Amino acid sequence: MEFKLVLEANAVIAETPIWDPREGKLYWTSLFDGDAHRFDPVTKRDELFKTAEKLIGSAVPCEEQGYLLIAAGDELYVRDLVTDVRYFVAKPETNRSTNRFNDMRVDARGRILVSTVSKAYATPDFKPSMRGAFYAVEPNGSSRVVEDGIIQYNGIVWNADNTRMFVADTAGEKLLVFSYDLDKGPVGGPETAVDFRGGFSTPDGLSIDSEDNIYVCHWSGHVTVWDKNLNLARDIAFPVPYACCGGFAGEDMRDFYVTSARYGYTEEEAKKHPGAGGIFLGRSEIPGTLDHFYHFNKEGV
């Protein structure tokens, strides 16, 4: 798989590329701008949806078109992309004002899985005692802690029969696996599926294809692919050092978009890595899977 730059976004950290086949467009977020975007690969137009927040964790399209589930500030909410009206969904973390939302996905039953991380993470002010948590938010808005005391979780995907949920432990440099029950959510784990320490290092976003191969984006200039038995199947070179998150797209679901970062770059470093902070596109031999959208009931989320 070879990647080419398709959107020179110049984001400090671009994240969560999610394909909406109804529109033929790719949603993504710019973490440090607090913005959500919608990219049209045909016209190359990139629409901007600003939030009132300085940081945005993730954004997931809703089953009801024109609405976007957003994790930003201190709450999860749905935003009407036409009127800008926002509808409260949940506030799973109420006692840690020093944290921010990070990655978020929705399972096949409409349950939200979302993580938090210290706002100081990856800065000189960060201390190991600054911890976040991983939450499951039910369709009725109630939430529970799945895993507490984490540093940073990223990239949430499920296998084809929804019996396993995979999460990237970015700080711990591991791929984790939770036993999963669609009626209950995570029911066991986490266990280490792959240990990246001393190898590819720093896993960020995850994607999964129709054959349960897992694609891991690393902040080391690699995208690795692990088969359903968790053996390394491919090591793909990425054009810039920081590969953030991948997402399958297109009519045949073989387009593979990967967001990137230019976090901490000097002007000289940015010149050495053209396209960093943009979105790249590769073609996969195996079709991927669509992300689940969030069901939004305007009369009562």
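The values are calculated or read from the model by the stated rules, or taken from the named source; none is laboratory data. Note that the coordinates shown come from a computational prediction; the quantities given were computed from them, not determined experimentally. Reconstructed Cβ throughout: ideal geometry from the backbone, glycine too, with neighbour counts over all protein chains shown.
Things worth noting here:
- Filtered residues of region 244-280 (kept if surrounded by fewer than 19 Cβ atoms within 10 Å (Cβ to Cβ) and in contact with a strand residue (DSSP E or B) (Cβ under 7 Å, 6 or more places away or on another chain)): M253, R254, Y263
- Residue match in region 93-103 (condition: under 18 Å from the mean Cα position of the chain (by Cα) and among the basic types (K, R)): yes
- Residue tally, condition without any contact (Cβ under 8 Å) to a residue 60 or more places away in the chain and farther than 14 Å from M1 by Cβ, over region 222-241: 8
- Given (1) on the phi < 0 side of the Ramachandran plot; (2) in contact (Cβ under 8 Å) with a residue 60 or more places away in the chain; (3) not in a strand (DSSP E or B), index of the condition G110 fails: (1)
- Any pair with Cβ under 7 angstrom, 6 or more apart, that starts in region 1-27 at a residue that is part of a strand (DSSP E or B) and ends at one that is of a type in the set (A, V, I, L, M, F, W, C) and surrounded by fewer than 18 Cβ atoms within 10 Å (Cβ to Cβ): I13/F32; W19/L290
- Within region 20-50, the residues that satisfy the criterion of being more than 12 Å from the chain's Cα centre (by Cα), farther than 28 Å from E267 by Cβ and either surrounded by 16 or more Cβ atoms within 10 Å (Cβ to Cβ) or not charged (D, E, K, R) (or both) are D20, P21, G24, K25, L26, R38, P41, V42, T43, F49.
- Here region 175-201 is the region considered, the condition is being part of a loop (DSSP other than H, G, I, E, B) and surrounded by 19 or more Cβ atoms within 10 Å (Cβ to Cβ), and the residue that is modelled with the lowest pLDDT is F200.
- Residue-level check: of (1) of a type outside the set (K, R); (2) at pLDDT 95 or above; (3) surrounded by 14 or more Cβ atoms within 10 Å (Cβ to Cβ); (4) not in a loop (DSSP other than H, G, I, E, B), G172 misses just (4).
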